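To keep things clear, I will list the structure first and then write my remarks on it.
Taken together, the values in this text are just the output of simple stated rules run on the coordinates, not laboratory data. Quick caveat, the model's predicted, so the values are computed rather than measured. Glycine also receives a Cβ, built like all others from the backbone with ideal geometry; neighbour counts cover every protein chain displayed.
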């Protein structure tokens, strides 16, 4: 029995230094941005950017040290400003050249960076 096309997805590890190039390739190939999210584990951030083309997901996985910074993808996919500002607010992560940067004030939260409990602001 063959797998239904809409159930197919792949996870592609990407170095932070190569993120913009890979995202630009995705845009040229006709992918749309589906979502971006983050998690923190063992002192590093795990960022996941999901792209869709023809109902097949391609997920770019980027690992960044806790004190690291990566470039924003908003110059390529403008709607990413929502996801990247959310990640900044909840984790205290920083994106370089974020096109619309709310400076940690995108959400009203009871405490700064609630999903990164080691952060002291």
- Query: Can you list the strands (runs of 3 or more DSSP E) found entirely within the range 10-76 that contain at least 2 residues being over 27 Å from residue 113 (Cβ atoms) and more than 13 Å from the chain's Cα centre (by Cα)?
  - Reply: 44-53, 56-65
- Task: Return yes or no: is residue 95 surrounded by 20 or more Cβ atoms within 10 Å (Cβ to Cβ), under 12 Å from the mean Cα position of the chain (by Cα) and in contact (Cβ under 8 Å) with a residue 12 or more places away in the chain?
- Result: yes
- Just give me the residues in the range 77-100 being outside any helix (DSSP H, G or I) and in contact with a strand residue (DSSP E or B) (Cβ under 7 Å, 6 or more places away or on another chain), in sequence order. 77, 79, 93, 94, 95, 96, 97
- Any hit, the range 101-115, residues being touching a residue at least 40 places away in the same chain (Cβ under 8 Å), in contact with a strand residue (DSSP E or B) (Cβ under 6 Å, 6 or more places away or on another chain) and either farther than 19 Å from residue 14 by Cα or surrounded by 15 or more Cβ atoms within 10 Å (Cβ to Cβ) (or both): no
